[in-house]
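Just so it is clear, none of the values below were taken in a lab; they were calculated from the coordinates. The shown structure was predicted, so the numbers you read here are calculated from the model rather than taken from an experiment. Here the Cβ positions follow ideal geometry from the backbone for every residue, glycine too, while neighbour counts run over all protein chains shown.
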Amino acid sequence: MYPDQYKHRNGDKLNRSYPRGENYKDLKKRVYEVLDTIDLTQEGTLLIISHQAVCRVIHAYFTKTPIDTGLEIKLNTIYELKNHHFLPIHFEF
């Protein structure tokens with residue numbers, strides 16, 4: 001529908017967005033604000049259900065690495081974070 005905007009955004013997903021959308025920098029700000037409120041010192045399991053772009057931002061947050069907009073986040077996969085490693089656990093859905 002918007003081939004020029006699609007091409008423009010795909011050249012720099014970190015900084016560019018679709019009309020009325022958000023780029024990865026905007027998403028990072030929004031997601032980090034929520035993640036900063038989570039008390040990770042408590043025992044137990046934390047389950048976050050989300051889509052691929054948010055998972056890429058969550059990966060960057062917990063591994064303390066820059067956002068990789070090309071990081072493969074597989075569909076229908078559960079990821080477990082252990083010792084700052086983002087490990088896929090495969091399930092058939």
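The table that follows gives values for the structure above.
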{"read-out": "Selection from ILE49, TYR6, ILE73 lying farthest towards where the dipole of the chain points positive, charges on Cβ", "value": "TYR6"}
{"read-out": "Amide H contacts under 5 Å for ASN23, placed H, 5+ residues apart", "value": "none"}
{"read-out": "Estimated 222 nm signal from helices in the chain, with DSSP H stretches of n ≥ 4 weighted -39500 (n - 2.57), rounded to 500", "value": "-10500 deg cm²/dmol"}
{"read-out": "Cα-Cα P(r), the chain, percent of pairs per 10 Å interval", "value": "14, 43, 30, 11, 1"}
